[in-house]
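Novice: Handing you this structure, nothing more for now.
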Amino acid sequence: QCDLAGWWENDLGSRMQVSAVDSQGNFSGEYYTAVSSAQKPIKPCPLLGSQHLDEDGQCTFGFTINWKKFFDSTAVFVGQCFAKDGGEEVLQTSWLLREKVDSLPSDWKATR
């Protein structure tokens, strides 16, 4: 059964720490990105999320990161936790990042 609580690291070296997941599936933590186009130094940022608790243990989840400490943007991740043979847990995710732009005509370039 997948347990999101704890430390996770992705292929690029970014890490996140997830606090305990409550009985409703809610969790919080911090995200430590290893990559950024910001001009300011990278700092850990808060994340808030929710997990769909399922009996087979391979839950779906989503979380939001507010990059307010060094960048004017917000990211959302959605994914699923898989338990591999031997008990190793793997998170497969997709993400969107919304960057602030100065005008409506610039909206086309605001989401990655």
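Novice: Carbon and sulfur together cover what percent of the accessible area of segment 1-98 at a 1.4 Å probe radius?
Specialist: That share works out to 49 percent.
Novice: Probe of 1.4 angstrom, ligands and nucleic acids ignored: what's the accessible area per residue over the chain, in square angstrom?
Specialist: 65 Å²
Novice: If we count GluC sites (Glu not before Pro) as exposed when they sit in a DSSP loop and have at most 10 other beta carbons within 10 Å, what is the longest stretch of the chain that avoids them all? Display every interim value, and only then the final one.
Specialist: On the way: sites that count: Glu55, Glu88.
Answer from the scan: 1-54.
Novice: Most mobile of Leu91, Leu53, Leu12 per a Gaussian network model of the chain (Cα springs, under 10 Å)?
Specialist: Leu12
Novice: Let me know the charge dipole size of the chain about its Cα centre in debye, to the nearest 20, where only the beta-carbon of Lys, Arg (+1) and Asp, Glu (-1) is charged. Kindly include the intermediate steps, with their values, before the conclusion.
Specialist: On the way: 10 positive and 15 negative charges, 162 e Å.
Value, rounded to 20: 780 debye.
Novice: Let me ask you something else. Which one of Val78, Cys45, Ser106 is farthest out on the positive end of the charge dipole of the chain, using unit charges on Cβ (Lys, Arg +1; Asp, Glu -1) and the Cα centre as origin?
Specialist: Ranked along the dipole, the leading option is Ser106.
Novice: To the nearest 0.05, what FRET efficiency results for Asp107 and Ser36 with a Förster distance of 22 Å applied to their C-beta separation? Show your work: numbers first, answer last.
Specialist: Details: r = 22 Å, r/R0 = 0.99.
Once the sixth-power term is evaluated, E becomes 0.50.
Novice: Related question: Limiting things to C-alpha atoms, what are the Rg and the maximum Cα-Cα separation (Dmax) for segment 1-87, in angstroms?
Specialist: 13.7, 44
Novice: Here's another thing I want to ask about it. Just give me a number: lysine pairs in the chain, eight or more positions apart or cross-chain, with C-alpha atoms less than 30 Å apart.
Specialist: Qualifying lysine pairs in the chain: 13.
The values are calculated or read from the model by the stated rules, or taken from the named source; none is laboratory data. Keep in mind that what you see is a predicted model, and the values were worked out from it rather than measured. Please note: Cβ atoms are built from the backbone with ideal geometry, for glycine as well, and neighbour counts cover all protein chains shown. Each accessible area value is taken on the protein alone, full model and side chains, heavy atoms only, with ligands, DNA and RNA left out. Shrake-Rupley method; radii C 1.70, N 1.55, O 1.52, S 1.80 Å.
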